[in-house]
Amino acid sequence: MGPDERARGLIQSLSEHLINGIEEEQWARSRRDFLTHGFAKVPFLAPEDTKNAIAGEIETLIAAHGVRREMSFKETGGTPRLMRNVRHQEISEHGSVIPAVYRSTDFREALSRIAGEPVFECPYEPEQYVITELRQSGDTHGWHWDDYSFAVVWVVACPPVEHGGFVQCVPRTHWNKDDPQLHRQFIEQPIHSFALRPGDLYVLRTDTTLHRVYPLTQGRRLIINMGYASRADLCRTISHETMDNLWKAHEGQTA
């Protein structure tokens, strides 16, 4: 069985699961969590065969194409990015399952059910999907917002909470790239923290939820972030300073 045929079989399995394998209370709870916190943990959203295939492809891609990046961004108040990544370009060229899942209409409709509004593929390809690995002490994806409205994150590896790697969110916030005022955001809204484990998925309202990954002290965190757009995103002009600068860093290097 070739990779494309295998991917088609997995998409069929995913679609059947989304239609028949999820209880109404799971949908309702995830919707409530998303509205309240800008975050919903949704491990039920994909069957084990899809999770295992995604995890295997991510492990292969990070080993072959991972690039170390160490940067900070004034647009998010100087917060750091200390991580390894695989970009959309390499995932699209060398992966099959990840691009197929991302394009799945049934999967996008499931995200729309949680979000309470239509969810669209991101028009800016570099934000459609990216693999991120934290593996050194102090590694973090520091406080930030995303340019587009929605993200679903697949967790392949994550340490126990005492070693960091969990998600923190500040919902109902606004990103001013010229003056992000992070400390004021923390004072005006509560910070919510969420533990994770391998096999989890979570959905984020990424444009109005300030969020970060708590710095690692040991262990490894490996995920893929799939970014999606709202209808409003498709009707406005969006700049991409942080993503564009992130991909310029250490271009062509591996570590």
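The values are calculated or read from the model by the stated rules, or taken from the named source; none is laboratory data. These figures come from a predicted structure and were not determined experimentally. Cβ sites come from the backbone with ideal geometry, for glycine too, and all protein chains shown count toward neighbours. Please note that ligands, DNA and RNA were not included when accessible areas were found on the heavy atoms of the full protein model with its side chains. Shrake-Rupley method; radii C 1.70, N 1.55, O 1.52, S 1.80 Å.
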Hydrodynamic radius of region 36-87 per Kirkwood, over alpha carbon pairs, in Å
13.9
For the chain, what does -39500 (n - 2.57) per DSSP helix run (n ≥ 4), summed and divided by total residues, give at 222 nm, in deg cm²/dmol to the nearest 500?
-11000 deg cm²/dmol
Based only on the alpha carbon positions, what is the Kirkwood hydrodynamic radius of region 69-201, in angstrom?
16.7
Just to make sure I understand: if all protein chains stay in place, what is the order of I58, I191 by accessible area at 1.4 Å, largest first?
I191, I58
Mean projected area (nm²) from the convex hull of Cα positions in region 1-56 is 4.4
Over the Cα atoms of region 66-147, how large are the radius of gyration and the largest Cα-Cα distance (Dmax), in Å?
14.9, 39
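Regarding region 158-197, what's the average projected area of the Cα-atom convex hull, expressed in nm²? Walk me through the numbers on the way to the answer.
Working: hull surface 14.2 nm².
For region 158-197, averaging the hull's shadow over all directions gives 3.5 nm².
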In the chain, lysine pairs with alpha-carbon atoms under 26 angstrom apart (chain gap of 8 or more, or interchain)
4
Dipole magnitude of region 117-167, debye to nearest 20 (Cβ charges: Lys/Arg +1, Asp/Glu -1, about Cα centre):
240
Nothing charged except the Cβ atoms of Lys and Arg (+1) and of Asp and Glu (-1): what's the magnitude of the dipole of the chain about its Cα centre? Round to the nearest 20 debye.
560
Mean projection area, nm², convex hull over Cα of region 71-110
4.5
Whose amide H sits under 5 Å from the amide H of F166, counting only residues 5 or more places off or on another chain, with H placed in the peptide plane?
Y214
If every Lys and Arg gets +1 and every Asp and Glu gets -1 at its Cβ, then about the Cα centre region 79-170 yields a dipole, in debye to the nearest 20, of 180
From zero up to wherever the largest Cα-Cα distance of the chain sits, split into 5 Å bins and tell me the percent of pairs in each.
1, 6, 13, 18, 21, 19, 13, 6, 2, 0, 0
Looks like region 18-125, by Cα gyration tensor root eigenvalues a ≥ b ≥ c and the a/c under 1.5 rounded cutoff (else prolate when a/b is bigger than b/c, oblate otherwise), is oblate
For the chain, with +1 on Lys and Arg beta carbons and -1 on Asp and Glu, the positive-most of L61, A151, H192 along the dipole:
H192
